[in-house]
1. Taking Pro205 as the residue in question, decide whether it is more than 29 Å from the chain's Cα centre (by Cα) and at pLDDT 95 or above.
2. Tally up the residues in the stretch 234-248 that are more than 17 Å from Thr269 (Cβ to Cβ) and either within 15 Å of the chain's Cα centre (by Cα) or part of a loop (DSSP other than H, G, I, E, B) (or both), please.
3. Starting from residues that are more than 14 Å from the chain's Cα centre (by Cα) and part of a strand (DSSP E or B), keep the ones in the stretch 392-403 and report whichever is nearest to Arg450 (Cα to Cα).
4. Name every residue in the stretch 1-24 that is farther than 23 Å from Asp211 by Cβ, surrounded by fewer than 18 Cβ atoms within 10 Å (Cβ to Cβ) and of a type outside the set (A, V, I, L, M), in order of residue number.
5. Looking at Ala100, Ala163, Ala95, which is the one that is touching a residue at least 24 places away in the same chain (Cβ under 8 Å), more than 30 Å from Trp274 (Cα to Cα) and of a type outside the set (Val, Ile, Thr)?
6. Looking at the stretch 165-177, which of its residues are buried (at least 16 other Cβ atoms within 10 Å of the Cβ) and in contact with a Pro (Cβ under 6 Å, 6 or more places away or on another chain)?
7. For the condition out of contact with any Gly (no Cβ under 7 Å at 6 or more places or on another chain), modelled with pLDDT of 95 or more, assigned to a loop (DSSP other than H, G, I, E, B) and surrounded by 19 or more Cβ atoms within 10 Å (Cβ to Cβ), what is the one hit in Thr469, Thr438?
8. Can you tell me which residue is modelled with the highest pLDDT among those in the stretch 54-71 that are more than 27 Å from the chain's Cα centre (by Cα) and either under 20 Å from Pro22 (Cα atoms) or in a strand (DSSP E or B) (or both)?
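The values are calculated or read from the model by the stated rules, or taken from the named source; none is laboratory data. Keep in mind that what you see is a predicted model, and the values were worked out from it rather than measured. Ideal geometry is used to build each Cβ from the backbone, glycine not excepted, and the neighbour counts take in all protein chains shown.
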Amino acid sequence: MRVELHVAKSGSDTAVGTVEDPLLSIGAAAALAQPGDTVVVHEGVYREWVNPPRGGTAAAPITYQAAQGADGSYEPVTISGAEAVADWRPHPGAAGVWTATVPNTLFGERNPYAERIGGDWFFDRVNTWHTGEVYLDGKSMYESLTLDGVEHPAATEESFDQAGSLLTWFCEVGDDATTIWANFGGADPADHEIEINARKFVFWPEATGIDHITVRGFTLTKAATQWAPPTALQEGLIGPHWSKGWVIEDNTITDSKNVGVSLGKEAGTGQNEWTAGSKGDKGGTQREREVIQRALALRGPDAGEPHPWDRAHVGSHTVRRNTIQDCEQAGIVGHLGAAFSHIVDNHIARIHVKRQWHGAEVAGIKLHAAIDTVISGNTIHHTHRALWLDWQAQGTLVRRNVFYASTAEDFMVEVCHGPYLVDSNLFLSPWSVKDMSTGGAYVHNYFAGRIANCTEHQRYTPYHLPHSTAVYGVSNILGGDNRFYNNIFVGDGESTRPQAEPALASFWNGAIDIDGVPGQATFVPTPVGTSQYDACPTPEEYPHEDGSALAGPRLPVWVEGNLYAEGAEPFRAEPAPLVIGTSPVRVEVHDAAAGTVRVEVNGAIDAVAPVTTERLGTSYQAEMGYSNPDGSDLDLSSDITGLPRDTVVPGPFAASAPGTSLLTAPAPNRRG
């Protein structure tokens, strides 16, 4: 029998959980919920860590959702990892500075004002930032490393919000209490809501193997999460923690100190071993290879270990229709645990905009081992990198996404062997793609920025048996083995850059940002287009068994059916490229904050040959075809908006869609 358990601010944790006699906390309902049950949470702010002790099944998940009104809309329900602090007193050392002292018992086992941010691939080894945070009316302030930085604040030079970076705080932790000093910019805290981070998670099971949970319709906010590299426990404000089959949908997820949604790994297969004292004798790349092997060798709960990394036990999550913003490391992160998942129709913005520290895991979405993962319909903007696929992107589909206002690039694909498909996306930042991989197929995209590519002979990374976590082999990155079919490339004059972004102009200076990339990688700039691949051979030029011909170590590329406008340049051997002056398709940012772009389609475009699974062939290393995650053939017959391609033309838009239109970022479905 399936049960509804109700939670309300008028309730009691000794209640039975009915509408008439609701529980007070979501945690109390979680303790009672069984497979198939639904926890319905009514309007209010719930300051707690929801730590579900059990999951459901594929046929009977446990669902947590905001209550719905008569019109079907969700009631406003916030689950917060922060606590309000009202007892602020003027600091005698400087006008406009306030101080408050809170007991350490507020924080439980982990005081975020004592815990330092750090771990593998975290660059700032000198400064000592904390996982704690202070919020003025819901907006995070900027930590200062000294009290003087609160008394005499100075702007953070790289912040997207120079004025906001003058709102600073500093902390000291004693044996029994934590003292915080804050500069609220002239505001009297008695007239505002001041909150501080108190919990490391908002919705996260402490145990692994808590499967098939749905979280729907909430605002989830303010968590003291730790840095989340691929070689450590990847903490998130919300996440399944090495489980299977979670659905995270229709939520607003904000203000994690590091990561909003984590689909990543647990701690047992390695916990910052590269930087952990004497264990630092091995490089981070080797430690990551070890993490993968340990994850495959896990023996499961019967042996006192988490489940092994395979399709039966880990991954297959759905993250859809969420707004994710104001997280300093990543909106969504995942190493291993994001395999077989769907990340669709999310609006991800303002990721890593404070810029007080940096590391190699910073992006709107940052995934390792995105095996058979579908990343579709997302709008990602005002980030460092928008989408970063690092290691083992195999069977991955990147489809119908909109990217802009990235200060590094829209898409980074690093030491992957493919096959992965990138189709019908809008790349609108000055740098579209940085490609340090092989096995990519780029089809029907719109590129307003440049592509950079390079080989990587120093690192050997795994590839897998098709649609499996089983490792097939390891290899370095030879370069090439890419396909570019039916794309539009528009030269990068000023008119192609997002127009409403003066605050980002200093980041778009033509430099090539390869932060976080180890080894001897070097990107060489070329114009917008595919001429970046001129050093690669065509299939006909590729050396045979005698090693002759042009290629050397690089693999061949397939380039055909692309349109190049306004100075964009084709690959040296592309057959009959369409090179024109003015682009018949123009895409510009319309409302930068809201995630809306304006599309103008003018004039006819010559038809090109359709792209199919058969035409794409197989990737070199994995010897795997380009297909859907279930192995079926790809269907590329509709455009970015879902319209059928009556005539196949370059770019993400069907020939039957002339005129001007707006594409708007997805938002949480507040109607359920």
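1. The answer is no for Pro205.
2. 6
3. Of the stretch 392-403, the ones more than 14 Å from the chain's Cα centre (by Cα) are 392-397, 399-400.
Next, from what is left, pick out any that are part of a strand (DSSP E or B): 396-397, 399.
Details: Thr396: 22, Leu397: 21, Arg399: 19 Å.
So, considering only residues that are more than 14 Å from the chain's Cα centre (by Cα) and part of a strand (DSSP E or B), the one nearest to Arg450 (Cα to Cα) is Arg399.
4. Matches in the stretch 1-24: Lys9, Ser10, Ser12, Asp13, Thr14, Thr18, Glu20, Asp21.
5. Numbers: Ala163 fails: touching a residue at least 24 places away in the same chain (Cβ under 8 Å); Ala95 fails: touching a residue at least 24 places away in the same chain (Cβ under 8 Å).
On inspection, the qualifying residue turns out to be Ala100.
6. Taking the stretch 165-177 as the starting set, the residues that turn out to be buried (at least 16 other Cβ atoms within 10 Å of the Cβ) are 165-171, 173.
Answer for the stretch 165-177, where residues must be buried (at least 16 other Cβ atoms within 10 Å of the Cβ) and in contact with a Pro (Cβ under 6 Å, 6 or more places away or on another chain): Leu166, Thr168.
7. Working: Thr438 fails: out of contact with any Gly (no Cβ under 7 Å at 6 or more places or on another chain).
Of the residues listed, the single one that is out of contact with any Gly (no Cβ under 7 Å at 6 or more places or on another chain), modelled with pLDDT of 95 or more, assigned to a loop (DSSP other than H, G, I, E, B) and surrounded by 19 or more Cβ atoms within 10 Å (Cβ to Cβ) is Thr469.
8. My answer is Ala67.
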